[in-house]
Amino acid sequence: MMTNKGKLYLIPSPLGDNQPSEVLPEMVFETIGRIRTYVVEEVRTARRFLSRAGLKGKIDTLEFHELNEHTSSEQIEGYLGLFERGEDIGLISEAGLPAVADPGAQLVALCHKRGIEVVPLVGPSSLMLALMASGLNGQSFAFCGYIPAKSDERKSRLKVLEKVSSQLNQTQIIIETPYRNDSLLADILSVCNPSTRLCIAADITLPTAYIRTASIGDWKKNVPTIGKRPCVFLLLM
């Protein structure tokens, strides 16, 4: 490990409009209190989070670099030069944990290749919180990320995931872009077995949180409207 280089700190952020102090431990605040350079998914969101986390009035003294789905691999590799200054760098995602279903994972991978120390900090994970609250199998589970957006392809993928879940007794965890939540739910209800259990976990950690597990057959009797809320779907056949 090359000790003359800075470290990469993976800094969690709230899943929604919580006060950071409600969901983040003290070590996170101590870390952001001394880091001056950040690689973030979206600068505006990161500035708002850091301001609410105790840096109000100091935001203009910080240095921000964006890393999102539009950032080229060459630009991400260029961020390695930040560590040559001997300063620690903070990585912040839009919500929750950095580098999990997040383009920041590319920078983490490069840091490992260059011998730069990576330090993950504790914070809220929508995936683990949803699994905890689902009542589904927490000993064997798979995070499947985003599945195809086109309905026919999505239905085919759902059938495969349901089959895997049945064969392995394994919870399948899916996320979706919020505006497609209701269309994904409609496809799940149309192709999955009536006895398959589905957990819908929306707005986790927020006052508007909705977390419920029921069989597909029961969901069909009373289909909820999720709307454009951050949501995690969990299946177990």
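The values are calculated or read from the model by the stated rules, or taken from the named source; none is laboratory data. None of the values given here were measured: they were computed from a predicted structure. Neighbour counts are summed over all protein chains in view; Cβ atoms, including those assigned to glycine, are modelled from backbone coordinates with ideal geometry.
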Exercise. Which one of Glu63, Glu74 is in contact with a strand residue (DSSP E or B) (Cβ under 6 Å, 6 or more places away or on another chain) and exposed (fewer than 14 other Cβ atoms within 10 Å of the Cβ)?
Worked result: Glu63
Exercise. Farther than 29 Å from Ala202 by Cβ, touching a residue at least 24 places away in the same chain (Cβ under 8 Å), touching a strand residue (DSSP E or B) at 6+ places or on another chain (Cβ under 6 Å) and not assigned by TED's automatic domain parsing to the domain that holds Pro230 - does that describe any residue in segment 18-35?
Worked result: yes
Exercise. Just wondering, is there one or more residues in segment 165-178 that are closer than 28 Å to Asp17 by Cα, modelled with pLDDT of 95 or more and of a type in the set (S, T, N, Q)?
Worked result: yes
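For every residue, the table says whether it meets (1) among the aliphatic types (A, V, I, L, M); (2) in the same structural domain as Arg44 (by TED's automatic domain parsing).
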site	(1), (2)
Glu87	no, yes
Leu91	yes, yes
Gly96	no, yes
Ala105	yes, yes
Met132	yes, no
Ser140	no, no
For this session: Would you mind telling me which numbered condition in (1) of a type outside the set (Phe, Trp, Tyr); (2) free of Cβ contacts under 8 Å to residues at least 60 places away in the same chain; (3) closer than 30 Å to Ala142 by Cα Asp60 fails?
Result: (3)
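Only residues that are part of a loop (DSSP other than H, G, I, E, B), in contact (Cβ under 8 Å) with a residue 24 or more places away in the chain and under 20 Å from the mean Cα position of the chain (by Cα): list them for segment 169-217, please.
Applying the first criterion (part of a loop (DSSP other than H, G, I, E, B)) to segment 169-217 yields 169-170, 176-177, 192-196, 203-209.
Now narrow it down to the ones that are in contact (Cβ under 8 Å) with a residue 24 or more places away in the chain: 169-170, 176-177, 192-196, 203-206.
Of everything in segment 169-217, those that are part of a loop (DSSP other than H, G, I, E, B), in contact (Cβ under 8 Å) with a residue 24 or more places away in the chain and under 20 Å from the mean Cα position of the chain (by Cα) turn out to be Glu176, Thr177, Asp203, Ile204, Thr205, Leu206.
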For this session: Confirm whether Leu80 is in the same structural domain as Leu15 (by TED's automatic domain parsing), free of Cβ contacts under 8 Å to residues at least 40 places away in the same chain, surrounded by 15 or more Cβ atoms within 10 Å (Cβ to Cβ) and assigned to a helix (DSSP H, G or I).
Result: yes
Exercise. Out of all the residues in segment 150-158, is one or more in the same structural domain as Ser73 (by TED's automatic domain parsing), among the basic types (Lys, Arg), assigned to a helix (DSSP H, G or I) and more than 12 Å from the chain's Cα centre (by Cα)?
Worked result: no
Exercise. Does any residue of segment 92-109 turn out to be part of a strand (DSSP E or B) and surrounded by fewer than 21 Cβ atoms within 10 Å (Cβ to Cβ)?
Worked result: no
Problem set entry | Residues located in segment 114-126, provided they are surrounded by 18 or more Cβ atoms within 10 Å (Cβ to Cβ) and more than 19 Å from the chain's Cα centre (by Cα) | Ile116
Seminar exercise, completed: Looking across segment 6-54 at residues that are of a type outside the set (Gly, Ala, Ser), in a loop (DSSP other than H, G, I, E, B) and loosely packed, with under 15 Cβ neighbours inside 10 Å, the single one that is nearest to the chain's Cα centre (by Cα) is Asp17
For this session: Output the number of the condition that Leu129 fails; it satisfies all remaining conditions of (1) over 21 Å from Glu30 (Cβ atoms); (2) touching a Cys at 6+ places or on another chain (Cβ under 9 Å); (3) crowded, with 16+ Cβ neighbours inside 10 Å.
Result: (2)
